[in-house]
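The values are calculated or read from the model by the stated rules, or taken from the named source; none is laboratory data. A quick note: this is a predicted structure, and the numbers were derived from the prediction, not measured. As a convention, Cβ positions derive from the backbone with ideal geometry for all residues, glycine included, and neighbour counts pool all protein chains shown.
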Amino acid sequence: MNNIVLCGYMGCGKTTVGKALALKMNTVFIDMDEYIEAAAGMHIRSIFEKFGEEHFRKLETMAAEELSKKNGLIIATGGGAVLNHKNVGLLKSSGKIVLLDVPFTEIEKRLEGDRSRPLLLRPDRDQAMLQLYCARLPVYREVADLIIDAGDKSPDDVCSDILSAVS
Ligand code: S3P
């Protein structure tokens, strides 16, 4: 089986859906952010604070390189991973990219009070979050092999939609 690579904006449910999907498909789930954290020995937030976003993006590409050599994985990417063409090429070479498409109003609710995402730790958080969302959505839609409407569905229902579309 080829990898299934979940992409989409922060808070769209990549990790939750990825875990559930891996259970249903009896296969291995990898969260790219956790993979990077394990390799770097520090949290994403600390990587950003100590070394900056550019360095994090390099680690992200290294992770995409390593993971795209494997098969049969369910991979949850970080929200910025597929904005880089190189990462997209790598991830597509070993699998299908699936976008979890969630409306901004729902993302806003899900990320309320979240302090774990370095890109959202800023005084103009709400405005920045919307700007980033609007800039990224067309890219997500462009790179995705499959777009799943995941706004008002349970993780189980999103999994069923993915399974019926890929099988
Ligand atoms: C990022 C999203 C995060 C993480 C990092 C950067 C982004 O992952 O990779 O903070 O650029 O959108 P999640 O999408 O899992 O929050």
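Criterion first (modelled with pLDDT of 95 or more and crowded, with 20+ Cβ neighbours inside 10 Å) does residue 38 satisfy it?
Details: modelled with pLDDT of 95 or more: yes; crowded, with 20+ Cβ neighbours inside 10 Å: no.
No; evaluated as a whole, the condition is false for this residue.
Test of understanding: among 24, 19, 14, which residue is under 23 Å from residue 90 (Cβ atoms), among the basic types (Lys, Arg) and more than 9 Å from the chain's Cα centre (by Cα)? Steps first, please.
Details: 24 fails: under 23 Å from residue 90 (Cβ atoms); 14 fails: more than 9 Å from the chain's Cα centre (by Cα).
Selected residue: 19, the only one of 24, 19, 14 that is under 23 Å from residue 90 (Cβ atoms), among the basic types (Lys, Arg) and more than 9 Å from the chain's Cα centre (by Cα).
Mind checking which pairs have a first residue in the stretch 106-129 that is hydroxyl-bearing (Ser, Thr, Tyr) and a second that is outside any loop (DSSP other than H, G, I, E, B), Cβ under 7 Å, 6 or more apart or different chains?
116/45
Cβ-Cβ under 8 Å, sequence separation 6+ or interchain: first residue in the stretch 28-42 and farther than 14 Å from residue 67 by Cα, partner of a type outside the set (Gly, Ala, Ser) and surrounded by fewer than 17 Cβ atoms within 10 Å (Cβ to Cβ). Which pairs?
Pairs found: 37/43; 42/50.
So which residues in the stretch 86-109 are assigned to a helix (DSSP H, G or I) and within 15 Å of the chain's Cα centre (by Cα)? Let's see the steps before the verdict.
Looking only at the stretch 86-109, we keep the residues that are assigned to a helix (DSSP H, G or I), and these are 86-93, 104-109.
The answer is 87, 88, 90, 91, 92, 107.
Have a look at 49, 60 and point out the one that is buried (at least 16 other Cβ atoms within 10 Å of the Cβ) and either within 14 Å of the ligand (Cβ to nearest atom) or at pLDDT below 95 (or both). Lay out the reasoning, then the answer.
On the way: 49 fails: buried (at least 16 other Cβ atoms within 10 Å of the Cβ).
Among 49, 60, only 60 is buried (at least 16 other Cβ atoms within 10 Å of the Cβ) and either within 14 Å of the ligand (Cβ to nearest atom) or at pLDDT below 95 (or both).
In the stretch 63-83, what count of residues is obtained for those that are part of a helix (DSSP H, G or I), within 14 Å of the ligand (Cβ to nearest atom) and surrounded by fewer than 20 Cβ atoms within 10 Å (Cβ to Cβ)?
Looking only at that region, the number is 1.
Given (1) modelled with pLDDT of 95 or more; (2) surrounded by fewer than 20 Cβ atoms within 10 Å (Cβ to Cβ); (3) closer than 17 Å to residue 21 by Cα, where does residue 162 come up short, assuming only one miss?
Among (1) modelled with pLDDT of 95 or more; (2) surrounded by fewer than 20 Cβ atoms within 10 Å (Cβ to Cβ); (3) closer than 17 Å to residue 21 by Cα, residue 162 violates only (2).
Would you be able to tell me the number of residues in the stretch 84-140 that are surrounded by 13 or more Cβ atoms within 10 Å (Cβ to Cβ) and small (Gly, Ala, Ser)?
Qualifying residue count for the region: 3.
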